[in-house]
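Worksheet: the structure to be examined is printed underneath.
The values are calculated or read from the model by the stated rules, or taken from the named source; none is laboratory data. None of the values given here were measured: they were computed from a predicted structure. So basically every Cβ, Gly included, is an ideal-geometry build from the backbone, and we count neighbours across all protein chains shown.
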Amino acid sequence: MNNNEPSRVDKNLLEALNMPSIPAQKIVSTDSVVVKVSSSLTGNTDADRDYREVRDNIKRIILQSEDAIQGVLEVASETQSSRAYEVAAQLIQATLEANNKLMHLHKQLKDIKKEDALKAGGSVTTTNNNIFVGNTAELSRFLRARKDLETATKELPPGDIIDAS
């Protein structure tokens, strides 16, 4: 088969998608890049191992999706096919969902770590009564600073985040 002619599969796909034939282009092969995603977590627990495996899989899916999106967008721009743009939109949506899953994975691991710490540490200690050791001037400054902080946070528009520490 001549490299300039589309393959039989390509011809069938173009026909099935009602797309015009694509002019022959020079195909340039690139070396695939192996991305090793390392985790900052250490330890041998099942949760850590599973987290690293799932995180690596999601990262790999995201990278592959980005490459696929670029290819589909090239096809869509060349053919001006509405179906190709629809496929591109679906790929973008799938990539966004993979990113969201990655963020939820981080939150779930954080929750698991918190639960493990509570189990290891025993019960949670709640302090109901506090005692201040100091003079009245220090107490007055502390209360004034706390009141100023509360006033500042009330004046912020909704959605803004401040670091109170």
Item to check | Filter result (among the aliphatic types (A, V, I, L, M) and either surrounded by 15 or more Cβ atoms within 10 Å (Cβ to Cβ) or not in a helix (DSSP H, G or I) (or both)) within region 81-93 | outcome: ALA84, VAL87, ALA88, LEU91, ILE92
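Do you know which residues across region 25-80 are in a helix (DSSP H, G or I) and either among the aromatic types (Phe, Trp, Tyr) or modelled with pLDDT under 85 (or both)? Before you say what the answer is, go through the steps one by one.
We begin by selecting, within region 25-80, every residue in a helix (DSSP H, G or I); these are 46-79.
The answer is ASP46, ALA47, ASP48, ARG49, ASP50, TYR51.
May I ask you to verify whether LYS113 is in a helix (DSSP H, G or I), at pLDDT below 85, surrounded by 12 or more Cβ atoms within 10 Å (Cβ to Cβ) and charged (D, E, K, R)? Please lay out each step first, then the result.
Working: in a helix (DSSP H, G or I): yes; at pLDDT below 85: yes; surrounded by 12 or more Cβ atoms within 10 Å (Cβ to Cβ): yes; charged (D, E, K, R): yes.
Taking the combined requirement at face value, the residue satisfies it.
Filter region 92-149 for residues that are of a type in the set (Gly, Ala, Ser) and farther than 24 Å from GLN64 by Cβ and give the result. Reasoning before the result, please.
Taking region 92-149 and keeping what is of a type in the set (Gly, Ala, Ser), we get 94, 98, 117, 120-123, 134, 137, 140, 145.
If the condition is that a residue be of a type in the set (Gly, Ala, Ser) and farther than 24 Å from GLN64 by Cβ, then ALA117, ALA120, GLY121, GLY122, SER123, GLY134, ALA137, SER140, ALA145 are the ones that fit.
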Checklist entry - Going by the conditions given, is TYR85 free of Cβ contacts under 8 Å to residues at least 24 places away in the same chain and of a type in the set (Phe, Trp, Tyr)? => result yes
Checklist outcome for this item: Per the filter on region 64-88, residues farther than 20 Å from ASP10 by Cβ and more than 18 Å from the chain's Cα centre (by Cα) are none
Item to check | Every residue from region 135-165 that is assigned to a loop (DSSP other than H, G, I, E, B) and either at pLDDT below 80 or surrounded by 10 or more Cβ atoms within 10 Å (Cβ to Cβ) (or both) | outcome: LEU156, PRO157, PRO158, GLY159, ASP160, ILE161, ILE162, ASP163, ALA164, SER165
